[in-house]
Every structure is written in C-alpha cells, then in structure tokens.
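Data first, discussion second: the structure below is written as structure tokens.
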Amino acid sequence: MEPLIHRLGYIALNVSDLEGAVEDARQIAGAALVAQAPDRALLSSNARHAELILHRADHSSLRCIGLETLHPENVDEVARRAQDAGLTIISDTPSLPVIERAVSIAFPEGHVIEAHTPMPRDRAPRYAGPGIHPRYLDHVNLTARDPATSAQAMMQVLGLKLSERTQGWELAWMRAGDGRHHTVGIAKSPEGGGLHHYSWEFADFADFKRLGDVLDAQDRTLVWGPGRHGAGDNIFAYYVDAAGFLVETTAEMEIIADPHFQPRIVEPGENLSNYKVVNRWGQLPSHAWLNHFNACAILS
Ligand SMILES: [Fe+2]
C-alpha cells in the first residue's frame, strides 16, 4: 500500500518577535517571504506556497507540524486511525485556505500534526534575496518523555515507517513516502513533548561554508558541525535562530526505497558518544545542542 504521508509539509512556530523571526529566516537560511499578515508570516524556499509558518505569540513554541498526503482519501484514513487510537482530533478545517483537505491531531505528548493534501506549488521555484537559499524544508526532530509511545502512535496513525532507532528508543527516525531516512525524528527528553530542531536541505557543501560566514558576519556561531550523521548519512550544521529555535541545515540524506526495509537498531553510546552513529567526522555534540528544547504550544 502507498504510504499515507508522502513528505514534510510545513512547520508552524509561535514566536514573540514576528518581524525579527522573519528577518532571521530571510537573512540566514535565506527563505523567501510569501505573505505577511499582522499575526502570521508564510515563508518558502521553493515553488511550494509555505514551508515555514510563523505566528505572533507571547513566547516561542512549536505550534504544529504539517505532513503532506498525496490524496484527500489519505486524510480521511488518518482521521479514522486517530479515532481508533483514541487520539484527539483538534480540527478538520485546513490551517491555510490554500490547503484542500486536512485533519489536525494531538499526539500523546502534545505534538499537533496536521495531515494535509499537497501544499500548492504556486510560486516561482527560485527567487532573489539574501541568505543561503535552501532547497526545501527537510525534516523535524521532536522531543518526548516517552519517545517509543509517541513514535508508535505516529507510525500507527500516519503510516510512517521506522528507519532506525537506538536500543532503548532514546532516538528514533521515521520516514514517509518520499523515502528520506527521516521526515520525523523523535528524541527522549526530560522536558517532555516539544521540538529539538527543524531542518532545511542545502544543495551543496559550499552552502555550509556560506552559513558559517553569514553567521560570523552577525557575530553568531554554529552550535554543532559541519559533520556527517551516521543515522541518515546526512551532512549537517546547526545554529539557533533569532526566536530561539535550533535549525539544522542538511544535505545528502539517505533514501530508503525498499518498503520492507528492516529498521536499524543502533547503540548511540553514553551522551551520544558513538561517533559512527552521531557524527562520522568525529566532533561530538555541544551541550547547547544536547540540551536544546522548545515546548509544544498546547502544553505551554
Ligand atoms: Fe536532524
């Protein structure tokens, strides 16, 4: 059966300084501003209508993750499965008027996920302007006190497939229909349900050099990287944006085409010290990276 979810749709974040957050996403990542209303801004890095959605709020938090289905009937199936699993359906009204059909579900530790029909491709694929200009929004990495329970609920309801996990489910990576090693990751955190990071896909290794230089020009630094993750085989570098979210930039993520792929079970080592899983190039994560956390809006 075709996977219910095809790819990441968008990430919606609450931010206290909307104008500052928009400026940061334009100047550093290099996303383009699609539309700005008094309380909400839409940004995209390609032809898709919106990938990063910023809402004005009292403080920074994870508002919602959009996961894209290819067919309206998949939205209905997700809603059926959510009801069967006893999860709360928050809304069946799409969060944006350009989205045809959607259902928003609250998962066990407060993550709200909107399964929605495709974001319209109604913009020019390329644009002028500052920043690095990523190719698209690539994945999210959530946090949970009990990641195994949240991950299993997401696989059961959304049809995500497990690509890899650690022995004790401290870290798990799940893929969608586009086969990317992970579209949704989830990590154990004593803080509970939230967001660890979200990620833009870069086109070329030279983009990582430019990222470091652009941050340096603003007297800022990378939080970790560049390096290459063992899980996902992707190149990475991380920074913290103006609103306090951890942003990953990535390239070359592993593609898993085999629907019967057996998930890998890996041992990350104490405090993520196993280089082969964490960073094959050797540098281990900083404390700032390890401890990063933004709460879910529903719990904050
Ligand atoms: Fe990541």
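The values are calculated or read from the model by the stated rules, or taken from the named source; none is laboratory data. As the structure is a prediction and not an experimental result, all values here were calculated from the model. Cβ sites come from the backbone with ideal geometry, for glycine too, and all protein chains shown count toward neighbours.
Details
- Residue count for the stretch 178-228, restricted to those that are over 30 Å from A153 (Cα atoms) and either within 13 Å of the ligand (Cβ to nearest atom) or not charged (D, E, K, R) (or both): 18
- Any hit, the stretch 144-156, residues being more than 12 Å from the ligand (Cβ to nearest atom) and touching a Ser or Thr at 6+ places or on another chain (Cβ under 8 Å): yes
- Scanning the stretch 64-74 for residues that are buried (at least 22 other Cβ atoms within 10 Å of the Cβ) and touching a Ser or Thr at 6+ places or on another chain (Cβ under 9 Å) returns C64, G66, L67, E68, T69, N74.
- Close pairs (9 angstrom Cβ cut-off, 6 or more residues apart or separate chains): without any contact (Cβ under 8 Å) to a residue 40 or more places away in the chain in the stretch 239-263, part of a strand (DSSP E or B) anywhere: E252/R228; E252/I235
- The set of residues in the stretch 42-58 that are surrounded by fewer than 16 Cβ atoms within 10 Å (Cβ to Cβ) and either touching a strand residue (DSSP E or B) at 6+ places or on another chain (Cβ under 7 Å) or assigned to a helix (DSSP H, G or I) (or both) contains only A47.
- Residue tally, condition touching a Ser or Thr at 6+ places or on another chain (Cβ under 8 Å) and either farther than 30 Å from T88 by Cα or assigned by TED's automatic domain parsing to the domain that holds L62 (or both), over the stretch 255-276: 7
- The stretch 98-111, subset under 17 Å from T183 (Cβ atoms) and either surrounded by fewer than 22 Cβ atoms within 10 Å (Cβ to Cβ) or of a type outside the set (A, V, I, L, M) (or both), residue nearest to the chain's Cα centre (by Cα): H111
- Subset of the stretch 59-74 (residues that are in contact with a Gly (Cβ under 7 Å, 6 or more places away or on another chain) and assigned to a loop (DSSP other than H, G, I, E, B)): S60
- Within the stretch 229-261, being within 11 Å of the ligand (Cβ to nearest atom) and at positive phi holds for one residue alone: G232.
- Any hit, the stretch 75-97, residues being assigned to a helix (DSSP H, G or I), more than 19 Å from the chain's Cα centre (by Cα) and buried (at least 23 other Cβ atoms within 10 Å of the Cβ): yes
- For the stretch 198-222, a residue qualifies if it is assigned to a loop (DSSP other than H, G, I, E, B) and surrounded by fewer than 21 Cβ atoms within 10 Å (Cβ to Cβ), and the qualifying residues are A203, D204, Q218, D219, R220, T221, L222.
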